Each structure stands twice: as C-alpha cells, then as structure tokens.
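All remarks here apply to the structure that follows.
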Amino acid sequence: MQATPCPKCPLRALSVMLANTPEELAVIESLRDSQTLLRAGATLIREGERGGRLATLFAGWAFRYKTLRDGRRQILNFLLPGDFIGLQQKMTDESPHGVEALTDVVLCTFPRDTVWQLHQRLPAVGYDITWLAAHEESIVDENLVSVGRRTAAERIAMLLIRLYKRASALQPGAPGRSVLFPITQQHIADALGLSLVHTNKTLRRLHKLGLYRIVEGHLVLLDPGALERMADWYGTGVPEARPLI
C-alpha cells in the first residue's frame, strides 16, 4: 500500500499527540521501512519470536497477550492507533508476549535498530520512546489492580471507562458520541481474569442499570459518572498529550 508521509499523518493532527519538528519527522520517515495492512486476527508478533520489527499502530485495534501451555490466555492491554509495538521484544532475545490484530490494522514498521538510531540522532525522540514504555507500563499496572482487587462489576466499569476515554481522544468532538468497540465478551474475560459466564452476567447487569450500551460494534456511555464511581476512579480520564513515533 502507498505510505502516508509522516507530515501528513492524520494522527499527528490530533490534540492528544505532541508535535514534532520538521527535522524529527524527516528522520522518523527515513527510518520507517513500510506501511502495511493486516487483516483482523493476524498475528503481529508471536510469543517467543526473535528478530521482530518495531511498529506504530497507524489504524485499527490490536492487543498484547500471553498464553499458558494449556491455551488459557491473559490479555495484557489493548492497543489503539498511535501505540508503539514491539519495544519489549527489542529489549530481550525473544518476545515475552504476542500481539494480535483485533480489527484490520495498518502498521508503520521500523527496523529493530530504530530505537538506537533515534537515541543517537534525536535524543528528545529517544526520550519519547522511554515515555511510551512507561505509559504502557502504567496501563498494565492499572489492569493488575483491577484483576487483583476490583470486583467483576468494578473491573468491567474500569475497562469501559478507560477504553472509551482512549478511543474518544482519537476522534475530535467525541464527548457524548459512540466510539468503536470491537471487543468481544471473550476478550473482556481474558483481559480481566473472569469466566465468560461471569462476564456476560456482569455486562447484562451494568446494561440493565443504564450505564452503557453497545450498538453495531460501537460503545456509548450513558452514565460515565456512575461507571467511574463504581470503578473507584476519579478525574477527567482524558489522556494526556503523548508522543507519536
């Protein structure tokens, strides 16, 4: 597919993305080796894979996961446009997790030495990569709190709120609107450490309380305040401005 030039990237026009200088954009574009379309269900990174590439998720949703020998899966976090993929693999001999496309995705891919190149040539962008790694760790930390301490209703309320806020930040003027929500009940169960039956019952309970609705793959929060109180989570929840590689 024909690659979108970095200066014309629609993600960079979003207020949630920090601006880069023309010099930084030129270097980033020189390091990018392709822009690739993959279909839903495609494996972006295999568990234990060696020598994988780095990528920015340009469009679509994906998720990181780990599986046990008997096939049980734990989803570590969901990936949305702008997220940087493969950094953990870069720091180890083999990938400690897998990444799967949840929808059709478009990836901007980079060679494995991109992190080193950016630190050498653009130290400020190298710092941005460190920020992205820390940000992703904070998301996983919050998921761990949910799995370890929140009830099923609290876990699902937290997931709905966080994903809605993250997705709405990627579409200007989103408050009060629906956002894409391609996640199945099985994905929710795998992310929150719940059985599929318990997930289904809890989702139906929250729906009956009038807290949310999902229509044709899109999520609408009918009472965000109630969901935030249920999840014991306060603040605006609006994602802070973030770097884009």
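Derivation of every value follows stated rules applied to the coordinates shown; laboratory data play no part. Worth saying up front: this structure is predicted, and the values here are computed from it rather than measured. Positions of Cβ are generated from backbone atoms using ideal geometry, with glycine treated the same way; all protein chains shown enter the neighbour counts.
The calculated FRET efficiency for the pair residue 124 and residue 94, based on their C-beta separation and a Förster distance of 41 Å, comes to about 0.85.
Remark: the range 6-142 carries a charge dipole of roughly 340 debye about the Cα centre, counting +1 on each Lys and Arg Cβ and -1 on each Asp and Glu Cβ.
With each label modelled as a point 7 angstrom along the Cα→C-beta vector, the residue 145-residue 214 pair spans 2.4 nm.
Given R0 = 30 Å, the distance between the Cβ atoms of residue 234 and residue 197 translates into a calculated FRET efficiency of 0.45.
If the segment from residue 135 to residue 8 were pulled out straight at 0.36 nm per residue, it would be longer than the present Cα-Cα gap by 43.2 nm. Between residue 74 and residue 33, the simple label model (points 7 Å from Cα in the Cβ direction) yields a spacing of 3.2 nm. Within the listed set 209, 170, 25, the residue fluctuating most in the Gaussian network model of the chain (springs between alpha-carbon atoms under 10 angstrom) is 209. When the chain is treated as a Gaussian network with alpha carbon springs shorter than 10 Å, the biggest mean-square fluctuation among 82, 71, 126 belongs to 71.
Between 152, 40, 231, the GNM of the chain built on Cα springs shorter than 10 angstrom shows 40 fluctuating the most. Working from Cα pairs under 8 Å separated by at least six residues, relative contact order for the range 6-142 is 31 percent.
Each Cα pair under 8 Å and six or more residues apart adds its separation to the average, and for the range 150-231 the resulting relative contact order is 42 percent. For the range 193-213 versus the range 117-146, the spacing of their alpha-carbon centroids is 32 Å. Taking each residue as 0.36 nm, the span from residue 185 to residue 113 lengthens on full extension beyond its C-alpha to C-alpha distance by 22.2 nm.
Give the label of the value calculated from the structure for percent of Cα pairs over 30 Å apart, choosing from (i) 21; (ii) 39; (iii) 27. For percent of Cα pairs over 30 Å apart, the calculated option is (iii).
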